[in-house]
Amino acid sequence: MQSEVSIIPFDKKYAKDFYVLNKEWLEVYFYVEPFDVDVLSNPEQYIINKGGYIFFAKLNDQIVGTYAFMPLKNEPGFELTKMAVSPKFRGFKIGQQLLQHCISFAKKQNFKRLLLYSSRKLENAIYLYNKFGFKEVPLEKDSPYVRSNIKMEFDLHQ
């Protein structure tokens, strides 16, 4: 890659990038559910204003990736969600940089727990989560996502 990727916090001017990046992968592997459209169209309302965080990977003034943290509803900790990298920039280890940032940020903030929901269909993502130390845990029967068939947890005390 020509330049270095920087990971930056949410800014309203990148809200459309958040929508586009996530919609791209959802349309390829699944379908965009009405709730997805709501969350992706209103990231401040659904994520930031509820105590969550959104970050972007920026390369040469272009947003090329993103991820978000949502507070868990009934327990302390956060869910890693809405991680996406532009198809044009896959293979440049941007996902790894986002994941490294995610773990570092969670540790600095003293998050109690880090969870994620995914699908085994997303083999590259599952490989990456395992590589970074996420471990599979039992998926509840009433999983919040129709498309998820795997739940993983990261031990922030390692």
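Key figures
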read-out	value
Odd one out for ASP61 among (1) modelled with pLDDT under 90; (2) under 25 Å from VAL137 (Cα atoms)	(2)
Qualifying strands (runs of 3 or more DSSP E) (wholly inside the range 68-158; at least 2 residues being farther than 24 Å from LYS58 by Cβ, touching a residue at least 12 places away in the same chain (Cβ under 8 Å) and open to solvent by less than 20 Å² (accessible area, probe 1.4 Å))	114-118, 150-154
Cβ-Cβ under 9 Å pairs, at least 6 apart or on other chains, the range 12-40 side closer than 12 Å to PHE56 by Cβ and at pLDDT below 85, far side open to solvent by 90 Å² or more (accessible area, probe 1.4 Å) and assigned to a helix (DSSP H, G or I)	none
Residues of the range 38-67 satisfying the condition of being farther than 16 Å from CYS102 by Cβ, in contact with a helix residue (DSSP H, G or I) (Cβ under 8 Å, 6 or more places away or on another chain) and open to solvent by 20 Å² or more (accessible area, probe 1.4 Å)	ASP38, SER41, GLU44, TYR46
Residue list for the range 7-37, filter: open to solvent by 50 Å² or more (accessible area, probe 1.4 Å) and assigned to a strand (DSSP E or B)	PRO9
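The values are calculated or read from the model by the stated rules, or taken from the named source; none is laboratory data. Being a predicted model, the structure only gives us computed values, none of them experimental. Neighbour counts are summed over all protein chains in view; Cβ atoms, including those assigned to glycine, are modelled from backbone coordinates with ideal geometry. Side chains are part of the model used for accessible areas, which takes the heavy atoms of the whole protein and leaves out ligands, DNA and RNA. Shrake-Rupley method; radii C 1.70, N 1.55, O 1.52, S 1.80 Å.
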